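The values are calculated or read from the model by the stated rules, or taken from the named source; none is laboratory data. The structure presented is a predicted model; accordingly, all values stated were derived computationally and were not measured. Reconstructed Cβ throughout: ideal geometry from the backbone, glycine too, with neighbour counts over all protein chains shown.
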Amino acid sequence: MTKHLQNIQTRWQAIKMALQFIAPYRRQVIYSLMALFFTAAITLSIGQGIRLLIDQGFATQSKDLLSQYVVIFLLLVIALAVGTFTRYYWVTWLGERVIADIRRKVFNHLIHLHPGFFEENRSLEIQSRLTADMTLLQTMIGSSISFALRNFIMMLGGIIWLFITNAKLTALVIICVPLVVIPILVYGRRVRHLSRQSQDKIAAVGAYVGEVLGQIKTVQAYNHQSIDQHQFHDQVEEAFTVAKQRTTQRALLITIVILLVLGAVGLMLWVGGMDVIEGRISAGELAAFVFYSVIVGSAVASISEVIGELQRAAGAAERTMELLQAPNLIQSPENLHPFPKVFGNIAIEQLCFAYPSRPDTLAINELTLNIRAGETLALVGPSGAGKSTLFDLLLRFFDSQSGYIKLEGIDIRNLDIFALRRCFALVSQNPVLFHGTISDNLRYARPDASDAEMETAANAAYAHEFICKLPQGYQTPLGDSGMGLSGGQKQRLAIARALLADAPILLLDEATSALDAQSEYWVQQALQQLMRNRTTLVIAHRLATVQSADWIAVLDHGRLEALGTHTELLQSSPLYARLAALQLQPQ
């Protein structure tokens, strides 16, 4: 019972969310409702036109009256067509506009969420919610709600005209209404539950496709196609099974409604036909009554069908609301400390951190380090020692469980997060490039950089020469993740981007790992110029690249194992000496 109440509460919250997005467009909603009421009134008036056409036109054998009522009937049809066009335009406009607003708000929320959220939730499944679920919501706002409301008005108007036309026959209709509503309530709950399951399965299918196609080279290199085909087949079949159950429930609902509604119409035709034969009602009144009966029956059947669509859309709204309500755990504090002039002094004191997905395993364990402005600190150690994690904490992608990091003597958690991240230029081990031109990628950190500044940075990173050899130079479009460039070229573009950022602190995560020997030499020269008078933290697996660092910190399982220069550590740190022996001495 508690779970059911929670589901109802969640559903109402989703409806309130949708209404909040519709509220700014009250004028368009009014236009839609006016057109909707107009078309409903015209449709209901057609029934009276049919009655007059039969009783006053056919029955009287008058050509003038027949012509007059046919003209009236055609005018009603024209008015209906104009009203339908107006209703369709504004309802569709409203759906497209609201969904665009929802998409934008969801994306704006997601792009500021802390990286830990995406560690716990698959990015590709979130992407599916932004596409498939938004399509369902667009259908609901842009057509289903309007369609349901129109049919509800038609049902009420039809029942009123039924009473006016013939109260006895109307009683038969009233008896049948509960018989139709009860199946809607019973099956509607089942459809809603299955709709949510179906959307989850479809999202999982989309996420799996994106993951496999995004790593297609790895898939094909290991001949993994057959296994992926089998796993994808299983996921598709699971989605199909749930969809089949949902379809079965909806089909049963529609079948029952049709049987009950049309069965009632048949009964009314028999009773009404007897009344016409005995002269109690006219043929026109029976025709009008049958018309209104069909209107009411069709409206009830349509509502039952639309309810299924609305149930699916409600599931999509709930999933969208989950994204919008996801808390951002990493934010700027309410009471910001004035941002200091940054020279590059960093103090790390008793820092402890565990990733949310592995709360019992400390990735950083009581780490204490002091880096003075302008110094170069190299971080070395085996994989899993916590080197990259320290970069994540410096950039406040995560917050530590205890201890602190201070920039110029101020805890970074008390500083504006955007200003903090502008103090760092990051070059990762796997260079990240985006779909767009080379110019777009270089200007990623500084969109306002001039062409001359961009070319200067590319020259310093030894990227200008190969860029100029490309067909369109700096305007050459890149594929996803820089597809079409070599690993060394991607890395040099990433270094040029960091150069262009001109930040006081550099974070280099094995920044030259993808370069050949000649390119590495020249980029090292460029980095030495860049590192002058800047604080630099370098993650290096190859010790030959960090021997000239001011300090080398040896990390192991998140702890600081030793700190010193290359020469000092060879004597004082068994771990560093072992790493040096493996890498720097001939086998």
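List pairs: first in the range 108-119 and surrounded by fewer than 17 Cβ atoms within 10 Å (Cβ to Cβ), second not aromatic (Phe, Trp, Tyr), Cβ under 6 Å, 6+ apart or cross-chain?
That search, which allows pairs on different chains as well, returns 109/324; 112/328; 119/357.
Restricting to the range 533-586, give me the number of residues that are at pLDDT 85 or above and within 42 Å of the chain's Cα centre (by Cα).
The qualifying residues number 13.
Could you check how many residues of the range 408-433 are touching a residue at least 12 places away in the same chain (Cβ under 8 Å), assigned to a loop (DSSP other than H, G, I, E, B), out of contact with any helix residue (DSSP H, G or I) (no Cβ under 6 Å at 6 or more places or on another chain) and not charged (D, E, K, R)?
Final tally of qualifying residues: 6.
Tell me, which residue of the range 172-229 that is under 30 Å from the mean Cα position of the chain (by Cα) and outside any helix (DSSP H, G or I) is modelled with the highest pLDDT?
Looking at the filtered set, the residue picked out is 224.
Could you figure out which of (1) assigned to a helix (DSSP H, G or I); (2) surrounded by 12 or more Cβ atoms within 10 Å (Cβ to Cβ); (3) not charged (D, E, K, R) isn't true of residue 281?
The one condition residue 281 does not meet is (1).
Out of everything in the range 463-486 that is in contact (Cβ under 8 Å) with a residue 40 or more places away in the chain and in a helix (DSSP H, G or I), what residue ends up being surrounded by the most Cβ atoms within 10 Å (Cβ to Cβ)?
Among those residues, the one meeting the criterion is 482.
Taking the range 385-402 as the region of interest, how many residues are surrounded by fewer than 21 Cβ atoms within 10 Å (Cβ to Cβ) and in a helix (DSSP H, G or I)?
Residues flagged as surrounded by fewer than 21 Cβ atoms within 10 Å (Cβ to Cβ) and in a helix (DSSP H, G or I) within the range 385-402 amount to 3.
Within the range 434-445, does at least one residue satisfy the condition of being closer than 22 Å to residue 506 by Cβ, among the charged types (D, E, K, R) and in the same structural domain as residue 555 (by TED's automatic domain parsing)?
Taking every residue of the range 434-445 in turn, at least one turns out to be closer than 22 Å to residue 506 by Cβ, among the charged types (D, E, K, R) and in the same structural domain as residue 555 (by TED's automatic domain parsing).
When only residues in the range 338-379 that are among the small types (Gly, Ala, Ser) and not in a strand (DSSP E or B) count, which is surrounded by the most Cβ atoms within 10 Å (Cβ to Cβ)?
My answer is 363.
Being out of contact with any strand residue (DSSP E or B) (no Cβ under 8 Å at 6 or more places or on another chain) and among the acidic types (Asp, Glu) is the filter here; which residues of the range 459-510 pass it?
Within the range 459-510, 465, 480 meet the criteria.
Given 437, 368, 376, which one is polar (S, T, N, Q) and modelled with pLDDT of 90 or more?
368
Restricting to the range 17-32, name every residue that is more than 13 Å from residue 99 (Cβ to Cβ) and among the small types (Gly, Ala, Ser).
Within the range 17-32, 23, 32 meet the criteria.
Based on this model, can you work out whether residue 116 counts as over 28 Å from residue 392 (Cα atoms), modelled with pLDDT under 85, assigned to a helix (DSSP H, G or I) and among the small types (Gly, Ala, Ser)?
Taking the combined requirement at face value, the residue does not satisfy it.
So how many residues does the range 7-23 have that are modelled with pLDDT of 75 or more and touching a helix residue (DSSP H, G or I) at 6+ places or on another chain (Cβ under 8 Å)?
The number of residues fulfilling the criteria is 2.
Of all residues in the range 447-462, which are assigned to a loop (DSSP other than H, G, I, E, B) and at pLDDT 85 or above? Before you say what the answer is, go through the steps one by one.
Looking only at the range 447-462, we keep the residues that are assigned to a loop (DSSP other than H, G, I, E, B), and these are 447-450, 461-462.
Once the filter is applied, which keeps residues that are assigned to a loop (DSSP other than H, G, I, E, B) and at pLDDT 85 or above, the range 447-462 yields 447, 448, 449, 450.
Run residue 405 past the list (1) part of a loop (DSSP other than H, G, I, E, B); (2) crowded, with 17+ Cβ neighbours inside 10 Å; (3) in contact with a helix residue (DSSP H, G or I) (Cβ under 9 Å, 6 or more places away or on another chain) and report the number of the one that doesn't hold.
(1)
Cβ-Cβ under 9 Å, sequence separation 6+ or interchain: first residue in the range 151-170 and in the same structural domain as residue 296 (by TED's automatic domain parsing), partner in a loop (DSSP other than H, G, I, E, B) and buried (at least 23 other Cβ atoms within 10 Å of the Cβ). Which pairs?
The qualifying pairs do not exist here.
So is residue 508 over 30 Å from residue 365 (Cβ atoms), assigned by TED's automatic domain parsing to the domain that holds residue 463 and either at pLDDT below 85 or not in a helix (DSSP H, G or I) (or both) or not?
no
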